[in-house]
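Everything on this sheet refers to the single structure shown next.
The values are calculated or read from the model by the stated rules, or taken from the named source; none is laboratory data. The model shown is predicted, which means the values in this text are computed figures rather than measured ones. Here the Cβ positions follow ideal geometry from the backbone for every residue, glycine too, while neighbour counts run over all protein chains shown. The accessibility values were calculated without ligands, DNA or RNA, using every heavy atom of the protein model including side chains. Shrake-Rupley method; radii C 1.70, N 1.55, O 1.52, S 1.80 Å.
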Amino acid sequence: VSLAQVYKMQASQTDQNRLIVDFVPKESEVESAKKLLSERGQQYQGGVPLFVPKAGKESNFLVISRNNQDLIPFFFEKAAALQMVEQYKKANPAEATTVKIDVIPLESVIATLQQSNDEALTKILLFPSQETIDFIRANSNQNAPNQPPANQPRPNNNTSNPPAPNR
């Protein structure tokens, strides 16, 4: 079941028979998040880590274009975020030293989406893990979500960056 479907099912439940959902991260991604954060003197706070590439002096979210719309990718796997970062560095060598990957818990993103009507939040795109993509392809006749498109990522220079979810 997709995360969107789980969210809809949970929202439609009454308090008495509310669907309880636990998000369980892959241990390897938790270790990646811990390592990234400890390198910056920060501590992993738990939850399902999402890896979010940023660049530039103001640490803007990197964006991709899909169907003529700018979207901000949040990755469930560090490796996928690193692919985007490397692609960006090749296309923008002058900014290579400003590129970093932030770690934001999925639960914080969901809480922010529930509490805010900021239109910029609609630009967040969650990229599933490769394991999830493979599972969907193996068990569905529909087109499965793809890896990030081949177009070049770029910083979001729009001043209306979506607010970073609380950590």
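Determine which member of the set 113, 125 is outside any helix (DSSP H, G or I) and out of contact with any Lys or Arg (no Cβ under 6 Å at 6 or more places or on another chain). Result of the check over 113, 125: 125.
Take the residues in the stretch 43-56 that are farther than 20 Å from residue 128 by Cα and without any contact (Cβ under 8 Å) to a residue 60 or more places away in the chain; name whichever of them is most open to solvent (accessible area, probe 1.4 Å).
Among them, the one singled out is 43.
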